[in-house]
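First the structure, in the form of structure tokens, and then the observations on it.
The values are calculated or read from the model by the stated rules, or taken from the named source; none is laboratory data. Please read all numbers here as calculations on a predicted model, not as lab measurements. Cβ placement follows ideal geometry from the backbone for every residue including glycine, while neighbour counts extend to all protein chains displayed. When the accessible area is computed, the model is the full protein with side chains, heavy atoms only, and any ligands, DNA or RNA have been set aside. Shrake-Rupley method; radii C 1.70, N 1.55, O 1.52, S 1.80 Å.
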Amino acid sequence: FFSMASLTGLLGGLLIGVSASLLWIMNGRIAGISGITAGMFAAPLREVSWRAAFVAGLVIAGAMGALLQPAVFGAPSTLPVARLLIAGLLVGTGTALGSGCTSGHGVCGLARFSTRSLAATLTFIGVGMLIVALMRALDGGAL
């Protein structure tokens, strides 16, 4: 009935929902990864421990996923490191300009029926589609 890929996606979505809900219930915080990560370096010391634990959980879960289901991650990128660094900087800049990332707006904000988060999420998706189309056109159809 379900393929392994769809079950993996379903499980991942459930885990994201549960973790975002638990963070809200236990800490009264929204699971926006960019805000949590930035707060590790700018928040008061009492705030750093839960933020570091949350980010460590993301890294550990990613490492476990790579070990247990490496095919889910696909082939390693063959893009030049400079291009990846520029892309990362652009994502970070967009996150700051948008006052949050896809996890904060797309997962948590939409769940709270935030119109600002709806606008942000639609912008993320639209710009992402535009950039992929542009990069494919510039690279002759291949990324």
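Taking the criterion of being under 18 Å from SER19 (Cα atoms) and of a type in the set (D, E, K, R), the residues of the range 40-61 that qualify are GLU47, ARG51. Taking the listed residues GLY88, GLY92, the one that is among the small types (Gly, Ala, Ser) and either at pLDDT below 85 or touching a Pro at 6+ places or on another chain (Cβ under 7 Å) (or both) is GLY92, with no other qualifying.
Of the residues screened, SER49 is one that is more than 19 Å from GLY104 (Cα to Cα), open to solvent by 50 Å² or more (accessible area, probe 1.4 Å) and either in contact with a Pro (Cβ under 9 Å, 6 or more places away or on another chain) or among the hydroxyl-bearing types (Ser, Thr, Tyr) (or both). Looking at (1) among the polar types (S, T, N, Q); (2) closer than 25 Å to ARG112 by Cα; (3) exposed (fewer than 13 other Cβ atoms within 10 Å of the Cβ), which is the one condition that is false for SER3? Tallying (1) among the polar types (S, T, N, Q); (2) closer than 25 Å to ARG112 by Cα; (3) exposed (fewer than 13 other Cβ atoms within 10 Å of the Cβ), SER3 fails exactly one: (2). Scanning for something within 17 Å of THR102 (Cβ to Cβ) and either polar (S, T, N, Q) or touching a strand residue (DSSP E or B) at 6+ places or on another chain (Cβ under 6 Å) (or both), does the range 24-43 turn up at least one residue? Yes.
In the range 1-29, of all residues being at pLDDT below 85 and of a type in the set (A, V, I, L, M), the one that is farthest from ALA111 (Cα to Cα) corresponds to MET4.
Here the condition is being surrounded by fewer than 11 Cβ atoms within 10 Å (Cβ to Cβ) and not hydrophobic (A, V, I, L, M, F, W, C); of THR102, THR115, THR121, it holds for THR115 alone. Counting only residues that are of a type in the set (D, E, K, R) and more than 27 Å from THR93 (Cβ to Cβ), the range 10-65 holds 1 of them. Out of GLY92, GLY126, one residue alone is within 25 Å of LEU23 (Cβ to Cβ) and under 17 Å from the mean Cα position of the chain (by Cα). It is GLY92.
Of everything in the range 77-99 that is without any contact (Cβ under 8 Å) to a residue 24 or more places away in the chain and not in a helix (DSSP H, G or I), the residue that is surrounded by the most Cβ atoms within 10 Å (Cβ to Cβ) is SER99. Within the range 7-41, the set of residues being in a helix (DSSP H, G or I), over 18 Å from GLY62 (Cα atoms) and either free of Cβ contacts under 8 Å to residues at least 40 places away in the same chain or open to solvent by 50 Å² or more (accessible area, probe 1.4 Å) (or both) comprises SER21, LEU22, LEU23, TRP24, ILE25, MET26, ASN27, ALA38, GLY39, MET40, PHE41.
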